[in-house]
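Chemist: Encoded as structure tokens, here's the structure I'll be asking about.
Please treat every number below as a calculation from the coordinates, not as lab data. Just so it is clear, the model here is predicted, and its values are computed rather than measured. In this analysis, Cβ positions are derived from the backbone assuming ideal geometry, glycine residues included, and neighbour counts consider all displayed protein chains.
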């Protein structure tokens, strides 16, 4: 049962990571379109900067779970060289547990934020009047997936399993 849950979290995280890449590509398309439109047509695409900001925040949060799964987040390993394997494992457990608490708090807060925008019918203060629940829900989804991935990492550490997918990380390593 736990293994199926961990596998599901990691699978959804991979799809969200792919979606994050699509959003980053979308940012590039919007910015290039804005530059071309402004340079050659003298017209600014009012939505380009707004949607680029939404795409950026969504890509960061949706990509965070996949990055956690592959061990791509920055770590400070100041004490690792001074401690034995058991103490390093305990320190990793403690740091991951604290990270899980912070990630779930962030997720909860972002879900409430999106919910309030939905209930109030909040829209962006731009010409497009984008319903804010749409980008906020996407960001909350990414944050929730990240929190679940941190929890999956914690479960793998408790079970003395490798907490990251080393093969996936190595396939993206630039040398």
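Chemist: I want to check the label-to-label distance for residue 57 and residue 161. Put each point 7 Å from Cα in the C-beta direction and report it in nm to one decimal.
Modeler: That separation, rounded to one decimal, is 3.4 nm.
Chemist: Among (1) 21.4, 78; (2) 19.4, 64; (3) 15.3, 47, which one is Rg and Dmax of the Cα atoms in Å computed from these coordinates?
Modeler: Computed from the coordinates, Rg and Dmax of the Cα atoms in Å corresponds to (2).
Chemist: Let me ask something else. Within 10 Å, count the other beta carbons around each residue, average over each peptide in 65-72, 40-47, and list them highest first.
Modeler: Sorting 65-72, 40-47 by mean packing, highest first, produces 65-72, 40-47.
Chemist: Would you mind putting 120-128, 106-114 in packing order, based on average other-beta-carbon counts within 10 Å, highest first?
Modeler: 106-114, 120-128
Chemist: Hey, another quick one. Going highest first, how would you order 143-154, 92-103 by mean Cβ packing within 10 Å?
Modeler: The densest-packed peptide leads the list: 143-154, 92-103.
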